[in-house]
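Just below is one structure, and these are the notes that go with it.
The values are calculated or read from the model by the stated rules, or taken from the named source; none is laboratory data. As the structure is a prediction and not an experimental result, all values here were calculated from the model. Heads up, the Cβs are rebuilt from the backbone with ideal geometry, glycines too, and the neighbour counts pull from every protein chain shown. For accessibility, only protein heavy atoms count, side chains too; no ligands or nucleic acids. Shrake-Rupley method; radii C 1.70, N 1.55, O 1.52, S 1.80 Å.
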Amino acid sequence: MAIKRSSAKKASGPVSVSIDNTAQAYLEVMRDRGIKYFFGNAGTDFAPLIDGFARFAAEGKGSPKPVLVPHEFTAVSMAHGYAMVTGEPQVVMVHVNVGTSNALTGIINASRANIPLIFTAGRTPITEGEVKGGRNLHIHWAQESFDQASMLREYVKWDYELRCFAQVEKVVDRALNIAMSEPKGPVYLSLPREVLAEEHEEFTYTPAGPRMYGKPGPDAEAIRQAALLLKDAENPLVITSMAGKNPAAVEELVKLCEGLALPVTIPMSNLYLNFPTDHPLHLGFDPMQFLPDADVILVIEADVPWFPHRCKPKPGARVIQMGTDPFFSRYPMRTFPVDVPLVCDPEAGLKALREALGSLRPPRRKGLQERFQRLAKVHGAQRAAWKATAERLRKEHPIDMEWVSYCVGQVRDADTVLINEYDLRANQVSINEPGTFFGSPMSSGLGWCFGAALGVKLAKPESVPIICMGDGAYHFTAATACHFMAQKLPVLAVVFNNQCWNAVKGSVIDLYPKGWAVREKHFSLCDLEPAPAYEKIAEAFGGYGERVEDPDQIIPALKRAVKAVRQEKRQALLNVICKHP
Ligand SMILES: Cc1ncc(C[n+]2csc(CCOP(=O)(O)OP(=O)(O)O)c2C)c(N)n1
């Protein structure tokens, strides 16, 4: 059937298109709203949509493009990766309650990392055969939930069920507005099969113009207070985990820090490139080293800026916390002190701070210069020590992870994107370009990295995503689903293979340093042995696989693997055999 008015984008008022059912209306709205991909893991609930995609293809409508992903966690992680590099909202659909539960870890990750997803799932047919789309398979009874959204309600900003055809446009727009308004995050929409299958001939909607979404702006008085504190600080300290979520905020942070000689430190929850690591004001990845001496602390988008059991700000120190939700209100408990809350997007907040400082009497230039030089020395000494550590460990056999990290740092370039779930030591890699490093979400729902890298590759086809993960993390990725996707989206996976879950082992040693497990050298539930030939799994999917045991071979092997991805356009996996702690 022909479209009644095809150039929907250019029309100013409502347009009408020919459709067969609600599902097609739903796809029309998403197409109009600029949704490029539809990450799907299908079931019987998808029938009206799959039919609708066929009609779209026949009519030459290229978006949203359906992308089959064979595991829900991978689908959500891919959407996460795509949104993380583009900032665009992503749509995922899974199969009823069972698909929702498989995707849940990915949703928890997206929620804690403020990733805008329209996460959708079918609803098993409600009617028992009376209506088109009603139950006709035995699963349709058992897959019904009393409240399907209840299993993820805590981790989405909004959930709703599409009730009828008349709602389609409004529901999609509401989902987009809520997911994309700061703080961004996933929303959940369930789509009952009878509603999707309901027959209609025409759909009228209003084409969207350029869209704007909600962003909290900084409060002028709070900015003035923060500017005064920073100006008069003797030992200021910036701590940030997620400022680099918006690359423009990194530029603003550099300008502010250079103007005031502010040192920047990055805690463990290091999700983005927040500050160029070679900048003399970058003081590494342990804020707690500097916290006790700081008199004014500017925390920017950092959920856990320090561990209170290890150290606290000194009495009288003042804390400014900046972020779209600086109290992390979705965390049940988090009580880091705050004297000046700055509820704003960091780009706007940092700019406002700089402007406010410009209107104040400037601090003594000489004092700032001295501070800059002092900090630059600390920066230099840190780098020298890190380099010395790598050099000291370069011949270790089995391989040390610090050395693997150093090697990854030597091979990366401006076209590579590092995705680190576990074991890359951030201090061994110098990165100065925002948008080229991504760390695991604070929720650490393991297995995120591989799917996220596939999403990065889809969004930036010319890039070489390099995934750094432990052998433990690799298992959680739903690896065969990821390798399956990587057949068309080649990425490089580096498995830091220490044949165990060292993080879990470490927690036992930490809590019970003289306990049974340590004394008996008996750590149950921690070892991943016998270790298989992980590289062969990539080979099964047409990829380049290599096992690396010689520390001198890491850089050459990384180069071979990057070449496989970049030139041969096939995936690669390096199985790097590391020390088993
Ligand atoms: C879904 C999920 N299950 C379990 C955990 C608990 N966990 C945290 S780290 C870790 C082990 C990771 O092992 P690996 O990737 O090999 O890194 P290593 O600790 O050995 O450095 C586990 C199981 C988690 N974070 N997420």
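Restricting the search to segment 526-538, which residues are touching a residue at least 12 places away in the same chain (Cβ under 8 Å) and either within 18 Å of THR480 (Cβ to Cβ) or open to solvent by 50 Å² or more (accessible area, probe 1.4 Å) (or both)? Answer for segment 526-538, where residues must be touching a residue at least 12 places away in the same chain (Cβ under 8 Å) and either within 18 Å of THR480 (Cβ to Cβ) or open to solvent by 50 Å² or more (accessible area, probe 1.4 Å) (or both): ASP527, LEU528, GLU529, ALA531, ALA533, TYR534, GLU535, ILE537, ALA538. Evaluation of HIS580 against the conditions (1) within 16 Å of the ligand (Cβ to nearest atom); (2) free of Cβ contacts under 8 Å to residues at least 24 places away in the same chain shows that the sole unmet condition is (2).
Applying the condition of being polar (S, T, N, Q) and crowded, with 16+ Cβ neighbours inside 10 Å to segment 372-409 and asking which residue is nearest to LYS559 (Cα to Cα) yields SER405. Looking at segment 198-212, can you tell me whether even one residue there is aliphatic (A, V, I, L, M) and without any contact (Cβ under 8 Å) to a residue 60 or more places away in the chain? Taking every residue of segment 198-212 in turn, at least one turns out to be aliphatic (A, V, I, L, M) and without any contact (Cβ under 8 Å) to a residue 60 or more places away in the chain. Per this entry, ILE577 is counted among residues that are open to solvent by less than 50 Å² (accessible area, probe 1.4 Å) and either at pLDDT below 95 or assigned to a strand (DSSP E or B) (or both).
The residues of segment 137-157 that are assigned to a loop (DSSP other than H, G, I, E, B), surrounded by fewer than 18 Cβ atoms within 10 Å (Cβ to Cβ), modelled with pLDDT of 95 or more and in contact with a helix residue (DSSP H, G or I) (Cβ under 7 Å, 6 or more places away or on another chain) amount to a single one, SER145. With respect to the conditions (1) of a type outside the set (Phe, Trp, Tyr); (2) open to solvent by 10 Å² or more (accessible area, probe 1.4 Å); (3) more than 20 Å from the chain's Cα centre (by Cα), ASN270 falls short on a single one, namely (3).
Report whether or not GLY106 is open to solvent by less than 20 Å² (accessible area, probe 1.4 Å), in a helix (DSSP H, G or I) and closer than 17 Å to ALA453 by Cα. Answer is yes for this residue.
When restricted to residues that are in a helix (DSSP H, G or I), buried (at least 20 other Cβ atoms within 10 Å of the Cβ), more than 16 Å from the ligand (Cβ to nearest atom) and over 16 Å from the mean Cα position of the chain (by Cα), segment 454-483 contains 1. Pairs meeting the criteria (first residue in segment 460-479 and among the acidic types (Asp, Glu), second residue more than 8 Å from the ligand (Cβ to nearest atom) and assigned to a strand (DSSP E or B), beta carbons under 8 Å, at least 6 apart or on different chains) are ASP471/VAL495.
State yes or no: is ALA426 over 14 Å from the mean Cα position of the chain (by Cα), crowded, with 17+ Cβ neighbours inside 10 Å and within 16 Å of the ligand (Cβ to nearest atom)?
Answer is yes for this residue.
Scanning segment 484-503 for residues that are under 19 Å from GLY445 (Cβ atoms), within 16 Å of the ligand (Cβ to nearest atom) and outside any strand (DSSP E or B) yields TRP501, ASN502, ALA503. Suppose we keep only residues that are aliphatic (A, V, I, L, M) and out of contact with any Lys or Arg (no Cβ under 9 Å at 6 or more places or on another chain) within segment 429-453. Which one would you say is nearest to the ligand (Cβ to nearest atom)? Taking the candidates together, the pick is LEU446.
Once segment 221-250 is narrowed to residues that are touching a residue at least 24 places away in the same chain (Cβ under 8 Å) and open to solvent by 60 Å² or more (accessible area, probe 1.4 Å), the residue that is nearest to GLY380 (Cα to Cα) is GLU234.
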